[in-house]
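Just below is one structure, and these are the notes that go with it.
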Amino acid sequence: MKQVINLSSLAEGKYYITILANDTLDNRNASTNFTFYIDRTLPTASVTCLPGSVNAGAAVTCTCSATDN
């Protein structure tokens, strides 16, 4: 059986879920544990190039950075 869990109302953070299964004869399966994270913060990226205005064939130096939590 497929079960859908709505996670849209959960706050950002670390969560744990344990899944247990058994059949109609009460044969039990070992439990399975999962850890998952809700991260609603978008990553950021930036690029800076110097000089800002150049002639054809001139060198340009670019610096790139990115962050994600």
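Tabulated data for the structure shown
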| item | result |
| --- | --- |
| Considering residues of region 34-67 that are surrounded by fewer than 10 Cβ atoms within 10 Å (Cβ to Cβ) and among the aromatic types (Phe, Trp, Tyr) only, the residue nearest to residue 8 (Cα to Cα) | 37 |
| Selection status of residue 47, among the hydrophobic types (A, V, I, L, M, F, W, C), out of contact with any His (no Cβ under 8 Å at 6 or more places or on another chain) and in a loop (DSSP other than H, G, I, E, B) | no |
| Any hit, region 11-19, residues being acidic (Asp, Glu) and either open to solvent by 90 Å² or more (accessible area, probe 1.4 Å) or touching a Phe, Trp or Tyr at 6+ places or on another chain (Cβ under 7 Å) (or both) | yes |
| Contacts under 7 angstrom Cβ, first residue in region 1-23 being within 14 Å of residue 36 (Cβ to Cβ), partner loosely packed, with under 10 Cβ neighbours inside 10 Å and among the small types (Gly, Ala, Ser), 6 or more apart | 18/31; 19/31 |
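The values are calculated or read from the model by the stated rules, or taken from the named source; none is laboratory data. Please read these numbers as outputs of a predicted model, since none were measured by experiment. Note that we place each Cβ from the backbone using ideal geometry, even for glycine, and neighbour counts take in every protein chain shown. Ligands, DNA and RNA are stripped out before the accessible areas are found, and what is left, the full protein with its side chains, is counted by its heavy atoms. Shrake-Rupley method; radii C 1.70, N 1.55, O 1.52, S 1.80 Å.
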